[in-house]
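Working notes, structure below.
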Amino acid sequence: MAEDWTDMWKDLGLDLEKHDVLMGALGSLYLEWFTDQPNRPETMAYYDFVISQVHGLRIKELLDHKEKGGTVVGTFCLFVPEEVIVALDGVAVGLCAGADFSVPIAEAELPRNLCPLIKSFYGFKLGKICPYFESADVVVGETTCDGKKKAYELLGKIHPVYVMEVPNKKGPADRELWRAELDDFIAAMEKTTGNKLTEENLAAAVKKVNAKRRAIRRVHELRWNDPAPISGKDALLIMQISFYDDMDRFTQKTNEVADELEKRVAVGEGVFDKGTPRLMISGTPMAIPNWKVHQVVETSGAAVVAEEMCTGFRYYKNTVAEDAKTLKEMKEALLDHYMGINCACFTPNEQRLEDIDYLYKNSRAQGIIHATLSFCTPYLVEQGNVKKFTDDLGIPMLALETDYSDGDVGQLKTRVEALLEQVSS
Ligand code: BJ8
């Protein structure tokens, strides 16, 4: 019989009524969009289990960790150095930020014309519907965009928040700023966790996080084959779950998926027919349960074979150097890694175009969808650079701006179909 987690949710102070509605909707959507995909890799059963327990067993694990003296740290951005959190015996969890359900709750306090990711996470806290939020000892925010920066100010009034200042450029002075921010962050996390950062615990944490990044990369690169051995939707799901799950278990299970996919590739087995049109998606991150664009593409006769986004290539592209010996060298290696994330919050951000080029060619995509969350100024403005770049190379590109509602699904489908006509002509 399925475990009843109601008492745990009550103890966390969740609004049970709202939480039930959310979980009911998530469950039906998942069944409809994921479990019925034809010829799914068998190893995806683990991720089905994780989703079935996303607010149950995993939350129990986090609470057990806290009971043993550990810390839970909530995050929303790749810039928060998870290696430091792990080294100090903390668990980093990506907080709920991808559901339309919590957006109207946030709109009681936030403007309507604001990115849905921000409204979603703020609504989850305000409405008391996210057990990850309620389990987090502290939320670490960042100054990557104005909306988030100001929302953390409000969030700080209802939850413990620590904000890192992320530079806007990548010059020497910016590196200095980020170095000071990293030092302050380490000091703050040492205080929160009661542990001290050492060469040993940081080296072990770097190896652990690198192993996770490499496992995801294995799965994502196997999609470069034709036929793709796994759907884009499942590859995105694995990426999204990487922000929640126990790290060692996730790495092991994701390597098992990669092993299965390698066998499929060896015999030419795929989830789509060989020759199915291949699209790459580039843009803002897609937090659970934001699967809309992938669903539209993969029900329109195409496969998503790569994501140039933080829930994709930007996360696993680089690992942190493992050969640093002293704490000082290790911190420099962390700086190198984090300054290498090509987010649109930087200006200029030309290296993102190199990433797009690399991923497009290697994944053997035939077109690009630039997908941006509504009101995300950095990515919407940068879209112009991407368009010019793809036009110069003769790459078909579709620019989409969308939110978490399903009101535009029909229109998205029509536009994706038009892109596919262009791809196959
Ligand atoms: S490193 S992409 S995760 S900032 S919240 S910028 S969508 S308006 S999420 Fe991001 Fe870190 Fe960069 Fe990646 Fe736009 Fe919305 Fe801001 Fe957003």
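Observations on the model:
- With a Förster radius of 56 Å applied to the C-beta separation of K66 and Q422, the computed FRET efficiency comes to 0.60.
- The orientation-averaged projection of the convex hull spanning the C-alpha atoms of the stretch 268-395 amounts to 10.2 square nanometres.
- R175-K388 FRET efficiency (beta carbon distance; Förster radius 22 Å; 0.05 resolution): 0.15
- Karplus-derived 3J(HN,Hα), 6.51/-1.76/1.60, for each residue of the stretch 186-194, Hz, glycine and proline x: 4, 4, 5, 6, 4, 5, 5, 8, x
- Each Lys and Arg Cβ is given +1 and each Asp and Glu Cβ -1; about its Cα centre, the chain then shows a dipole of about 560 debye.
- Largest mean-square fluctuation among K68, K149, K212, in a Gaussian network model of the chain whose springs join Cα atoms under 10 Å apart, belongs to K68.
- Long-range Cα-Cα pairs in the stretch 334-425 (distance over 18 Å), rounded percent: 52
- Extension gain for the segment E332 to E165, taken as residue separation times 0.36 nm less the Cα-Cα distance, is 58.4 nm to one decimal.
- Against the empirical 2.2 N^0.38 Å (N residues), the stretch 120-232 has a Cα radius of gyration ratio of 1.38.
- For the set K18/K125; K169/K331; K10/K60; K148/K388, the pairs lying more than 22 angstrom apart at their alpha carbons are K148/K388.
- Additional length obtainable on full extension of the chain from Q252 to K157, 0.36 nm per residue less Cα span: 30.3 nm
- Between the stretch 31-50 and the stretch 257-271, the alpha-carbon center distance in angstrom: 16
- Modelled this way, with points 7 Å down the Cα-to-C-beta line, the labels at E269 and Q411 are 4.2 nm from one another.
- Under the Debye formula (equal points on every Cα, no solvent term), log10 I(q)/I(0) of the stretch 59-142 at q = 0.12, 0.15, 0.19 Å⁻¹: -0.37, -0.56, -0.81
- Annotation for the stretch 82-98 versus the stretch 310-328: alpha-carbon center distance of 15 Å.
- Listed residues S282, S231, S405, most fluctuating in the chain (Gaussian network, C-alpha, under 10 Å): S405
- Along each principal axis, Cα extent of the stretch 197-246, largest first, Å: 46, 20, 10
- Globularity index of the stretch 1-131, i.e. its alpha-carbon radius of gyration over 2.2 N^0.38 Å: 1.16
- Entry note: the chain has Rg to Rh equal to 0.94, where both radii use alpha-carbon atoms and Rh is the Kirkwood radius.
- In summary, the stretch 219-312 shows an alpha-carbon radius of gyration equal to 1.05 times the 2.2 N^0.38 Å reference for compact globular proteins.
- Cα Rg, Dmax, the stretch 374-425, angstrom units: 12.6, 33
- Where labels lie 7 Å past Cα in the beta-carbon direction, separation of A45 and R214 in nm: 2.8
- Entry note, the chain: the mean residue ellipticity at 222 nm calculated from DSSP H runs of n ≥ 4, each adding -39500 (n - 2.57), is -16000 deg cm²/dmol after division by the residues and rounding to the nearest 500.
Read-outs throughout are calculated quantities, based only on the coordinates presented, and are distinct from any laboratory measurement. Model, not experiment: these values are computed from the prediction. FYI the Cβ positions are ideal-geometry reconstructions off the backbone, even for glycines, and counts take in every protein chain you see.
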